[in-house]
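**Q** Structure provided below as structure tokens; questions to follow.
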Amino acid sequence: MFLRANIQVEYIYLLSDWFKHPSYKDVLDYIISVGCHFYFEYVPLTQLGLPVPPVEDIIIEK
């Protein structure tokens, strides 16, 4: 169905720091083995094909 619409589906895993523990290395190895990407805590905008705003445009609330 997605082929006709020319849509490519890609899975990205968003993991907590919990998965940085060495006992979860097999989980990370599996994700890589099936051709997926993973990130901890956030997904970079560029990975989603979105532009990154210039630093001066970022508003940091205190």
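**Q** Does segment 2-26 hold any residues that are over 26 Å from residue 49 (Cα atoms) and in a helix (DSSP H, G or I), and which are they?
**A** Step one: filter segment 2-26 for residues over 26 Å from residue 49 (Cα atoms), giving 18, 21-26.
Across segment 2-26, the qualifying residues are 18, 22, 23, 24, 25, 26.
**Q** Another one. How many residues are more than 14 Å from the chain's Cα centre (by Cα), surrounded by fewer than 12 Cβ atoms within 10 Å (Cβ to Cβ) and either at pLDDT 95 or above or not aliphatic (A, V, I, L, M) (or both) if we restrict to segment 1-29?
**A** Count: 12.
**Q** Okay, next question. Just give me the residues in segment 27-36 being of a type in the set (A, V, I, L, M, F, W, C) and either in a loop (DSSP other than H, G, I, E, B) or in contact (Cβ under 8 Å) with a residue 60 or more places away in the chain (or both), in sequence order. Step through it out loud before you land on a result.
**A** Going through segment 27-36, the residues of a type in the set (A, V, I, L, M, F, W, C) turn out to be 27-28, 31-32, 34, 36.
Of everything in segment 27-36, those that are of a type in the set (A, V, I, L, M, F, W, C) and either in a loop (DSSP other than H, G, I, E, B) or in contact (Cβ under 8 Å) with a residue 60 or more places away in the chain (or both) turn out to be 34, 36.
The values are calculated or read from the model by the stated rules, or taken from the named source; none is laboratory data. Note that the structure is a prediction, hence the values are computed from the model and not measured. As a convention, Cβ positions derive from the backbone with ideal geometry for all residues, glycine included, and neighbour counts pool all protein chains shown.
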